[in-house]
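Just below is one structure, and these are the notes that go with it.
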Amino acid sequence: MKRTTVPGKVKLKRTTKPKRPKLVRTTKPKRRLLRTTFSKNASGIYQIRSKINGKIYVGSSKHLHIRIEREHKGELKRNAHGNKHLQRHCNKYGIDDLVFEILEFCPEEHLTNGDKREQYWMDLLQPKFNNRPSAESNRGYKHTAAAKEKCKTMLGKKHTEAAKEKMRQAALGRVFTKEHLANMAIAREHRYTSPEAKERMRQASLGRIPWNKGKKGVQIPWNKGIKGYHLPEETGLKMSIARMGHPVSEETKRKISLGRKGKLHTDEYKRRMKEVHKNITEETRQKMRDSHLGQTAWNKGKTYKQKKNIS
């Protein structure tokens with residue numbers, strides 16, 4: 001059917017909608033530098049930023065997941081955070097106001113030592129929530145008068161008997177791993193105690209009664225149940241050199257004699273001593289003979305009765 005136009009009306013010509021011109025991106029979009037998700041074993045530098053006022057807290061950790069999720073967020077929710085400024089802000093505005101972001105991933109040795117990456121970010125961002133301006137010391141932090149008085153009240157404070165018993169029970173049966181023992185040996189290797197410090201320690205211990213005096217079975221030796229344990233050759237050599245030329249007083253000799261007097265060896269001990277004597281090499285025997293040359297026996301020229309009275 002043919003369509004006709006109505007007289008008196010103008011026919012409008014249909015036109016297409018003009019297309020918008022395409023926008024050409026001249027620059028690449030900015031890459032997001034701060035990350036909020038990371039692996040559990042990651043180490044690096046992080047920040048806690050407030051959405052309201054922009055204040056930040058800068059920290060570092062070798063376990064970022066534990067430090068942020070368990071320590072910071074957990075303590076803030078329990079109102080037990082060590083940073084009072086951050087805790088008060090969280091109590092006022094809520095924990096949702098705080099954004100936890102990663103500034104940089106880096107190895108553990110570069111956090112505070114080496115490149116000192118944490119100090120670099122603190123100098124760059126100037127965080128307001130941090131108590132101290134330095135990442136590796138307490139320099140610049142000022143304690144309040146109340147805090148100083150609280151520290152003074154701890155001087156001379158002693159543990160109660162109940163607290164000592166709890167610590168003793170916690171330490172009973174503790175077994176150190178070989179790695180732990182090796183770390184303690186390395187820590188003690190370069191430790192030096194001056195003669196003045198040794199004298200002060202000796203004076204402080206004079207008249208003090210040992211906590212385990214007269215008690216049996218209160219302390220389990222660390223090597224109990226370990227058969228065939230021998231000190232390393234280097235350690236034995238150091239102990240031998242330290243004992244060389246060390247004079248033994250007559251009082252000490254008398255105490256040793258009284259301690260051995262009337263002591264009976266068990267059959268097991270005698271059997272072990274026989275095995276030890278059998279395994280002594282000829283070289284060791286020659287060293288023992290050389291070390292005794294020129295020495296006068298303590299019982300030389302004394303009769304049996306005199307020896308018996310001495311012992």
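Just so you know, all these numbers are worked out from the coordinates, no wet-lab data involved. Because the structure is predicted, anything quoted here is derived from the model rather than measured. Here the Cβ positions follow ideal geometry from the backbone for every residue, glycine too, while neighbour counts run over all protein chains shown.
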Take a quick pass over region 44-137 and tell me how many lysine pairs come in under 26 angstrom between Cα atoms, counting only ones 8 or more apart or on separate chains. 27
Would you mind ranking 176, 129 so that the residue whose beta carbon has the fewest other beta carbons within 10 Å leads the list? 176, 129
Under 5 Å between amide H atoms, partner at least 5 residues away or on a different chain: which partners does residue 103 have, H built in plane at 1.01 Å? 45, 46, 47
Of 90-103, 238-251, ordering from highest average Cβ density within 10 Å down gives 90-103, 238-251
Taking N as the number of residues in region 44-137, what is its Cα Rg relative to 2.2 N^0.38 Å? 1.03
What order, most packed first, do the peptides 47-54, 152-159, 168-175 have when packing is the mean number of other Cβ atoms within 10 Å of each residue? 47-54, 168-175, 152-159
Average projected area of the Cα convex hull of region 225-301, in nm²? 8.1
